[in-house]
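Asks: Below are the structure tokens for one structure; questions will follow.
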Amino acid sequence: MRFVLASRNPGKLREMQAVLQALGVEVVLQSRLGISVEVEENGTTFAENARLKAQAVCAASGLPAIADDSGLCVDALNGAPGVYTARYGGEGLDDEGRYRLLLNNMRGAGTRACHFETAISCVFPDGRELTAHGRCDGTVAYAPMGEDGFGYDPVFFVPRLKKTFAQLTPEEKNAVSHRGQALRAFAQVLREELEGE
């Protein structure tokens with residue numbers, strides 16, 4: 001069975017394929033099918049944004065579509081940047097600019113507790129929907145540490161590992177990350193769905 005991933009990110013495709021290949025599922029990027037829909041992510045939750053993207057790509061392709069949405073939620077900032085994680089600080093900032101803005105906004109914060117969250121949505125042409133979630137708790141580091149990863153990884157510190165995401169190997173990160181948890185949960189609900197067909 002073929003699924004289309006509502007993303008242009010080959011890294012996400014690799015992660016999805018690694019988890020779903022055991023189910024006999026082929027996953028392809030939307031661009032491989034010539035789909036270039038732009039979805040306005042105006043949901044108030046990660047699950048809503050993932051669902052919006054999956055619905056649009058399912059409608060455009062006629063195939064089951066998978067989408068995810070993730071973000072960093074910081075307690076001292078009332079859950080921000082949250083669903084605006086990728087756009088935090090506006091269009092002019094790159095990854096480093098965004099995490100440096102976060103560090104600046106955290107000056108004097110009473111708590112540095114935060115979590116990363118991922119929601120995965122799968123929409124089938126017949127209207128069925130599957131969802132899965134993952135969460136990883138941590139703290140905002142006082143300064144960036146590590147060279148690997150992307151986004152906020154250099155400042156997302158996992159206390160029990162005593163490392164930031166950017167200091168972990170890809171295997172270590174996948175074992176504890178919000179996205180890794182969500183992917184494993186999604187594989188389980190998809191397995192149950194496919195076995196029930």
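Asks: Name the residue, out of Gln188, Gln181, that is in contact with a Cys (Cβ under 9 Å, 6 or more places away or on another chain), of a type in the set (S, T, N, Q) and outside any strand (DSSP E or B). Lay out the reasoning, then the answer.
Replies: Numbers: Gln188 fails: in contact with a Cys (Cβ under 9 Å, 6 or more places away or on another chain).
The unique qualifying residue is Gln181.
Asks: Now for a different question. For the range 85-96, does any single residue satisfy the condition of being under 30 Å from Arg2 (Cβ atoms), open to solvent by 20 Å² or more (accessible area, probe 1.4 Å), modelled with pLDDT under 95 and part of a helix (DSSP H, G or I)?
Replies: yes
Asks: For the range 52-84, how many residues meet the condition of being of a type outside the set (A, V, I, L, M), outside any strand (DSSP E or B) and open to solvent by 20 Å² or more (accessible area, probe 1.4 Å)?
Replies: 8
Asks: Follow-up question, since we're still on this one. Condition check: in contact with a helix residue (DSSP H, G or I) (Cβ under 8 Å, 6 or more places away or on another chain), of a type outside the set (Lys, Arg) and not in a helix (DSSP H, G or I). Does Glu117 satisfy that?
Replies: The answer is yes for Glu117.
Asks: Restrict the check to the range 125-138 and report whether at least one residue is open to solvent by 10 Å² or more (accessible area, probe 1.4 Å), of a type outside the set (Phe, Trp, Tyr), out of contact with any strand residue (DSSP E or B) (no Cβ under 7 Å at 6 or more places or on another chain) and assigned to a helix (DSSP H, G or I).
Replies: no
Asks: Mind checking whether some residue in the range 155-171 is in a helix (DSSP H, G or I) and surrounded by fewer than 15 Cβ atoms within 10 Å (Cβ to Cβ)?
Replies: Of the residues in the range 155-171, the ones in a helix (DSSP H, G or I) are 155, 165-167, 170-171.
Still in the running and surrounded by fewer than 15 Cβ atoms within 10 Å (Cβ to Cβ): 170-171.
Taking every residue of the range 155-171 in turn, at least one turns out to be in a helix (DSSP H, G or I) and surrounded by fewer than 15 Cβ atoms within 10 Å (Cβ to Cβ).
The values are calculated or read from the model by the stated rules, or taken from the named source; none is laboratory data. These numbers were taken from a predicted model, which means no experiment stands behind them. No Cβ is skipped: glycine too gets one built from the backbone with ideal geometry, and neighbour counts run over all protein chains shown. Ligands, DNA and RNA are stripped out before the accessible areas are found, and what is left, the full protein with its side chains, is counted by its heavy atoms. Shrake-Rupley method; radii C 1.70, N 1.55, O 1.52, S 1.80 Å.
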